[in-house]
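Written below as structure tokens is the structure these notes are about.
The values are calculated or read from the model by the stated rules, or taken from the named source; none is laboratory data. As the structure is a computational prediction, the values presented were derived from the model and not from experiment. Glycine also receives a Cβ, built like all others from the backbone with ideal geometry; neighbour counts cover every protein chain displayed.
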Amino acid sequence: MITTVKTDLYDSPSPLEWATIGNGILFTAQIPIDAKGQVVEGGIEAQARQTLDNLKHTLEKAGAGMANLTQVLIYVTDKSYLPTVNKVYAEYFTPPYPNRAAMVIAGLARDEMLVEMVAYAAVES
């Protein structure tokens, strides 16, 4: 059985849920948007922080926290962004860290987005 995590994030007009849970695993993808659905301004640091804030919020709504994360996949549109993303990322985690991969891609769903994160976490079913 799959359940939906109800969040206070922007209610997207796209056919998606911000997070679902199946077999004790939370599945989520987070982007740097605010409560109005706008991509935050301020460059990669502001966008990384908003994305991680959205991830943290989603986990809390699922009754979990950042320590429940098992894997995070980070997508950036420029390799030069990775040091900044790493700096901000380190503010949100303590050891043991989740497994992680970072990929540099040509673009994201919105041209102004510089980062997106896909994450998986162990949660209570």
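Observations on the model:
- Residue count, region 1-56 (criterion: among the aromatic types (Phe, Trp, Tyr) and part of a strand (DSSP E or B)): 1
- Among (1) part of a helix (DSSP H, G or I); (2) surrounded by 12 or more Cβ atoms within 10 Å (Cβ to Cβ); (3) not polar (S, T, N, Q) - the single one GLU91 does not satisfy: (2)
- Scanning region 3-39 for residues that are surrounded by 15 or more Cβ atoms within 10 Å (Cβ to Cβ), more than 13 Å from ALA121 (Cα to Cα) and in contact with a Ser or Thr (Cβ under 9 Å, 6 or more places away or on another chain) turns up THR7, LEU9, GLU17, TRP18, GLN30, ILE31, PRO32, ILE33.
- Residues of region 69-86 satisfying the condition of being in a helix (DSSP H, G or I) and touching a residue at least 24 places away in the same chain (Cβ under 8 Å): LYS79, TYR81, THR84, VAL85
- VAL104 at pLDDT 95 or above, in contact with a helix residue (DSSP H, G or I) (Cβ under 6 Å, 6 or more places away or on another chain), over 22 Å from THR4 (Cβ atoms) and surrounded by fewer than 18 Cβ atoms within 10 Å (Cβ to Cβ): yes
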